[in-house]
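Okay, structure first, notes after.
The values are calculated or read from the model by the stated rules, or taken from the named source; none is laboratory data. The structure displayed is predicted, hence computed values, not measured ones. Here the Cβ positions follow ideal geometry from the backbone for every residue, glycine too, while neighbour counts run over all protein chains shown.
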Amino acid sequence: MRFLALILLALCIATPAKAVNELQGHSLQEVMDITKAHGATAEKLSEADAATLDKVLGPRPVPNADLYVLRLNDSAIIMLVVDATVVFSSAVVPASALDKVLERTGA
């Protein structure tokens, strides 16, 4: 588990572009444990926030997927989760850009 966490962290920090879909296939609980261990935060987006993202980015490739956002420092990763399993994770994006899309204060 630690080995996996180190690999994921190295990919996300050293080469953000390679982090795209790196979390695919992992259980949500496993990702949450890794997130917590590294001081990141995870948030399940509300239906309103998910609808806002769908308007900006287009419909989700998996319509029944829940949207989660992982944040570390000023970066964010968007994940699609179905049945407690990650089916897609985005490239690392600036958290401020995501906050602006979601119309959150301070964006």
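In the set V86, V82, which member is closer than 17 Å to N21 by Cα, in contact with a His (Cβ under 7 Å, 6 or more places away or on another chain) and either free of Cβ contacts under 8 Å to residues at least 60 places away in the same chain or not basic (K, R) (or both)?
V86
Hey, among T41, T35, which residue is surrounded by fewer than 13 Cβ atoms within 10 Å (Cβ to Cβ) and either in contact (Cβ under 8 Å) with a residue 24 or more places away in the chain or within 11 Å of the chain's Cα centre (by Cα) (or both)? First the steps, then the outcome.
Values: T35 fails: surrounded by fewer than 13 Cβ atoms within 10 Å (Cβ to Cβ).
Step by step, each of T41, T35 is checked, and only T41 is surrounded by fewer than 13 Cβ atoms within 10 Å (Cβ to Cβ) and either in contact (Cβ under 8 Å) with a residue 24 or more places away in the chain or within 11 Å of the chain's Cα centre (by Cα) (or both).
Can you tell me which of (1) more than 16 Å from L28 (Cα to Cα); (2) more than 9 Å from the chain's Cα centre (by Cα); (3) surrounded by 11 or more Cβ atoms within 10 Å (Cβ to Cβ) is the one A65 doesn't meet?
A65 satisfies every listed condition except (1).
Do we have V69 as under 14 Å from V93 (Cβ atoms), touching a residue at least 12 places away in the same chain (Cβ under 8 Å) and not in a helix (DSSP H, G or I) here?
Here the answer is yes, as V69 does meet what is asked.
Any chance you could count how many residues in region 77-103 are closer than 19 Å to S27 by Cα and assigned to a strand (DSSP E or B)?
Adding up the residues that qualify gives 11.
So D83 passes all but one of these: (1) among the acidic types (D, E); (2) surrounded by 11 or more Cβ atoms within 10 Å (Cβ to Cβ); (3) modelled with pLDDT of 90 or more. Which condition number does it fail?
Tallying (1) among the acidic types (D, E); (2) surrounded by 11 or more Cβ atoms within 10 Å (Cβ to Cβ); (3) modelled with pLDDT of 90 or more, D83 fails exactly one: (2).
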